[in-house]
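Peer 1: Below you will find the structure I want to go over with you.
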There are 2 protein chains.
Amino acid sequence: MSFSLAPWRPILARALHRNRSKPHSRYLQLATVNVKGQPSNRTVVFRGFLEKTNQLQIVTDTRSSKIKDIQHQPWCEICWYFSQTREQFRLSGNITLVNQETEDKRLQEARHTLWGKLSTEAKQQFNWPSPGQPIEPIEENFCKQLSFIESPVSNFCLLLLEPEQVDHLELRGKPHHRQIYYWNEQKNWITQSVNP
Amino acid sequence: MSFSLAPWRPILARALHRNRSKPHSRYLQLATVNVKGQPSNRTVVFRGFLEKTNQLQIVTDTRSSKIKDIQHQPWCEICWYFSQTREQFRLSGNITLVNQETEDKRLQEARHTLWGKLSTEAKQQFNWPSPGQPIEPIEENFCKQLSFIESPVSNFCLLLLEPEQVDHLELRGKPHHRQIYYWNEQKNWITQSVNP
């Protein structure tokens, strides 16, 4: 499959570069829809793009509720605000789950690579009790150490968001500047300036 | 109707206070669901609480797409991350729209009050061409001045989010600390510590 960099990639790369002094510039808000048809929204960490694709990588625990949401409705929307440069990206598209069962070699390799890049501390969190459940005696349950951390644990999951629409808003300047990028039927990118 | 401060209010007030040096600490991400059942997510500004309620105030343009989303599905979720203190609030509940047609005097008064608090620059934005539409010759359309700015324009809309569940996560400290507040059937608040 041939790959070409989406036209919004250099714009996003520039924002990441200009905001690099702020660690939270790699945090973004991921909105999903749950089985009741209600939105859920939480902060996640951007883990770079999957090689030779325009897909954003996010890691999560298979026990978190966003997994059920995505299985029910794979279409998601990211809102990413850069406080330094005062610009916002909204990226929407389908999410693919890559877990222990995924047979695609390339995706499974990406999952392993990302696990390898996590800090030991971040890895240990996958050994914590089930997120969102009523808390149990805290001391013991959060201190269990993973004995083997070379390979991803079974509940380590990679999310791949393939954007089909990107809405870029710059609040600096008057009037604000807003550009929309979207797939046409041939999955080619169309760029359109719109009113802010 | 009697009013009592929800148990998460002091916690949120503390976060706002501790992060007050960052103007973006009053920016939050609002997720809605559109008519296709897909999530939408965008940054909005927190405009304080409606007096004697636990309802968050947000202002918007009636021409923005979030209005259609909310008319279709009033249940929304806010994700609010405070970068200074590294804590996240997720607040979910129904949104009430307060527009020019709203007859409730108290709500209409709140709409007028919030309009009065906007900067002249922010007010002028409601005179800009329809948001999200293909851009027209920019110079003329964005320079029209509202001649009368004392009263809210017809497309000025107040959104009131009444949280029924609040999920507070603190990333400082190991393990992270997470508390959930939710309404029971009598609309009394229950507080529950959960696994982060």
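Read-outs throughout are calculated quantities, based only on the coordinates presented, and are distinct from any laboratory measurement. Predicted model only: the values in this text are computed from it and were never measured. Neighbour counts run over all protein chains shown; Cβ positions are idealised from the backbone, glycine included.
Peer 1: Show me the GluC sites (Glu not before Pro) within the stretch A:134-170 that DSSP assigns to loop and that have at most 12 other Cβ atoms within 10 Å of their Cβ. Could the numbers behind the result be given before it?
Peer 2: Working: sites: A:Glu139, A:Glu140, A:Glu150, A:Glu164, A:Glu170; in loops: A:Glu150.
Qualifying residues, ordered by number: A:Glu150.
Peer 1: Measuring from a point 7 Å out along Cα→Cβ, what nm distances, shortest first, does B:Ile190 have to its partners in the other copies?
Peer 2: Copy-to-copy label distances at B:Ile190, shortest first: 4.9 nm.
Peer 1: Oh, and also: Just round it to a whole percent: the fraction of Cα-Cα distances in the stretch B:1-160 exceeding 22 Å.
Peer 2: That tail contains 49 percent of the Cα-Cα pairs.
Peer 1: May I pose another question? Report ³J(HN,Hα) in whole Hz for each residue of the stretch B:96-104, in order, from the Karplus equation J = 6.51 cos²θ - 1.76 cosθ + 1.60 where θ = phi - 60°; Gly and Pro get x.
Peer 2: Values, residue by residue: 9, 8, 10, 10, 4, 7, 4, 8, 4 Hz.
Peer 1: Let me ask something additional. Counting only residues 5 or more places away or on other chains, whose amide H sits under 5 Å from the amide H of A:Glu77 once H atoms are built in the peptide plane?
Peer 2: For A:Glu77, the qualifying residues are A:Ala31.
Peer 1: Taking a label point 7 Å from Cα toward Cβ, how far is B:Lys117 from its twins in the other copies, in nm, shortest first?
Peer 2: 4.1
Peer 1: Put +1 on the Cβ of each Lys and Arg and -1 on the Cβ of each Asp and Glu in chain A; which of A:Leu114, A:Trp189, A:Ser151 then has its Cα farthest toward the positive end of the dipole?
Peer 2: Value: A:Trp189.
Peer 1: Which of the chymotrypsin sites (Phe, Trp or Tyr not before Pro) found in the stretch A:136-168 are in a DSSP loop and have at most 15 neighbouring Cβ atoms, other than their own, within 10 Å?
Peer 2: Sites meeting the loop and neighbour criteria: A:Phe148.
Peer 1: What is the extension gain from B:Asn155 to B:Glu103, computed as 0.36 nm multiplied by their sequence separation minus the C-alpha to C-alpha distance, in nm to one decimal?
Peer 2: 17.1 nm
Peer 1: Then there's this: Let me know the mean shielding of A:33-46 by other chains, meaning the per-residue number of their Cβ atoms within 10 Å of its Cβ.
Peer 2: 6
Peer 1: Cβ under 13 Å from A:Val44's Cβ, A:Val44 left aside: what net charge do those residues give with Lys, Arg +1 and Asp, Glu -1?
Peer 2: +2
Peer 1: Can I ask one more? What are the distances, in nm and sorted shortest first, from the label point of A:Ser154 to the label points of the same position in each other copy, with each label point placed 7 Å from Cα along the Cα-to-Cβ direction?
Peer 2: 6.2
Peer 1: If you rank B:Ile135, A:Ile78 by fewest surrounding Cβ atoms within 10 Å, what's the result? Let's see the in-between values first.
Peer 2: Details: B:Ile135 17, A:Ile78 24.
Starting with the residue having the fewest Cβ neighbours, the order is B:Ile135, A:Ile78.
Peer 1: Let me ask something else about it. When you look at the Cβ of every residue in A:83-91, what mean number of other chain Cβ atoms sits within 10 Å?
Peer 2: 2
Peer 1: Three principal axis extents, largest first, for the C-alpha atoms of the protein assembly as shown, in Å?
Peer 2: Largest to smallest, the principal-axis extents are 69, 57, 37 Å.
Peer 1: Continuing with the same structure: Select from the stretch B:8-73 those trypsin sites (Lys or Arg not before Pro) which occupy a DSSP coil region and have at most 15 other Cβ atoms within 10 Å, ordered by residue number.
Peer 2: On the way: sites: B:Arg14, B:Arg18, B:Arg20, B:Arg26, B:Lys36, B:Arg42, B:Arg47, B:Lys52, B:Arg63, B:Lys66, B:Lys68; in loops: B:Arg20, B:Lys36, B:Arg47, B:Lys52, B:Arg63.
Here the sparse-neighbourhood loop sites are B:Arg20, B:Lys36, B:Lys52.
Peer 1: So if I take the centroid of the Cα atoms in the stretch B:104-145 and the same for the stretch B:146-185, what is the distance between those two points in Å?
Peer 2: That distance is 22 Å.
Peer 1: Go ahead and run the numbers for FRET between B:Gln186 and B:Arg26, Cβ-Cβ distance against an R0 of 22 Å, rounding to 0.05. Don't skip to the answer; put the middle values down first.
Peer 2: Details: r = 32 Å, r/R0 = 1.47.
Calculated transfer efficiency: 0.10.
Peer 1: Can I ask one more? Once phi is turned into θ = phi - 60°, what whole-Hz ³J(HN,Hα) does the Karplus curve with 6.51, -1.76 and 1.60 give for every residue of the stretch A:79-92, x standing for Gly and Pro?
Peer 2: These are the phi-based 3J(HN,Hα) values: 10, 10, 10, 9, 6, 5, 9, 6, 9, 10, 10, 10, 10, 10 Hz.
Peer 1: On a 0 to 90° scale, report how tilted helix B:105-117 is relative to the longest principal axis of chain B, with both axes built from alpha carbons and the result rounded to the nearest 10.
Peer 2: So the helix axis and the longest Cα principal axis differ by about 70 degrees.
Peer 1: Still on this model: Would any residue of the stretch B:29-64 have its amide N under 16 Å from a label point 7 Å out along Cα→Cβ of B:Ser130? List them or say none.
Peer 2: Once the point is set 7 Å along Cα→Cβ of B:Ser130, B:61-64 turn out to lie under 16 Å by backbone N, inside the stretch B:29-64.
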